[in-house]
Amino acid sequence: HKDRITAISLINSIKSEDIKKRVLGKVISIIETDSNADVKKAAISAAASHNYREAVPALIKALDNNLEEIQIAACYSLGRLNAVESKDKVISLLNKQDFSVNSNLTDALIILLTDLKVSDIVDLAVKTVKDPASGKMARERFMIYLGTMGNTGLKDFLLELLFDEDEDMSIRGHAVKALGSLKIHDSAEKIKELLKDIEEFLNIWTDAEHDF
């Protein structure tokens, strides 16, 4: 299988565009039928590297592969190809995930939907962040997603997270970034006050460390 991986990596050296297209056509067959995971991943990556959008249907099918590493590779290639047509399949797969468990596949699915600027999962993201049973990985990734949506309707939710002293600091940090991206001026003073309090706390802690 190493020879096949090497062959796939050499596609970039083909000067003739006609020959390159014919070879890339074979990449689709590898994505769909090859039984070797490493070869399949190489083909999935090559499709994105060569901006070969004809491979998108095969990449969407690869999301159903029984190996998580193949599913994740497909996610990243679909994102690089800006394959908006994969949205429904990706959302369907995301809805089947257990958000209480830290998962690289869940992470990859949310990253893909973020890259595609899909607004359909805003409610799911808010629900997952609010759910105390949700894992840290899913909550943080959904917060990053929400920060890219430009949805002013999220203001109260984000402010609630920001001023919740029991909330994880990384989540509160993502809330600040999201509010900043929304450019909501009436919340700016509240944020500045909170950041000042955090800065004062950090200064006190830094000074106190010298006493230990």
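The values are calculated or read from the model by the stated rules, or taken from the named source; none is laboratory data. Computed from a prediction, not measured in an experiment: that's the story for all the values here. Counting neighbours? That spans all protein chains shown, and the Cβs are built from the backbone with ideal geometry, glycine included. With ligands, DNA and RNA removed, areas are computed over all heavy atoms of the protein, side chains included. Shrake-Rupley method; radii C 1.70, N 1.55, O 1.52, S 1.80 Å.
Annotation for ARG22 and LYS155: the two label points, set 7 Å from Cα along the Cα-Cβ direction, are 6.1 nm apart.
Accessible area per residue was computed with a 1.4 Å probe on protein heavy atoms; ARG53 scores about 90 Å².
Computed over protein heavy atoms with a 1.4 Å probe, the carbon and sulfur contribution to the accessible area of the chain reaches 51%.
Taking Cα pairs under 8 Å and at least six residues apart, what relative contact order does the stretch 49-155 come out at, in percent? Intermediate values should be presented prior to the final figure.
On the way: 102 pairs, mean separation 25.0, N = 107.
RCO, the stretch 49-155: 23 percent.
A helix-only calculation puts the chain at -21000 deg cm²/dmol for mean residue ellipticity at 222 nm, using -39500 (n - 2.57) for each DSSP H run of at least four residues, averaged over all residues.
Just to confirm, what accessible area per residue do you get for the chain at 1.4 Å probe, in whole Å²?
Values: 12170 Å² over 212 residues.
Per-residue value: 57 Å².
The mean sequence separation of alpha-carbon pairs under 8 Å and at least six residues apart, normalised by the residue count of the chain, gives a relative contact order of 12 percent. Computed over the stretch 2-54, relative contact order equals 40 percent, with contacts defined as Cα pairs under 8 Å that lie 6+ residues apart.
For the set MET143, MET169, solvent exposure ranked by accessible area (probe 1.4 Å, protein chains only) runs largest to smallest as MET169, MET143.
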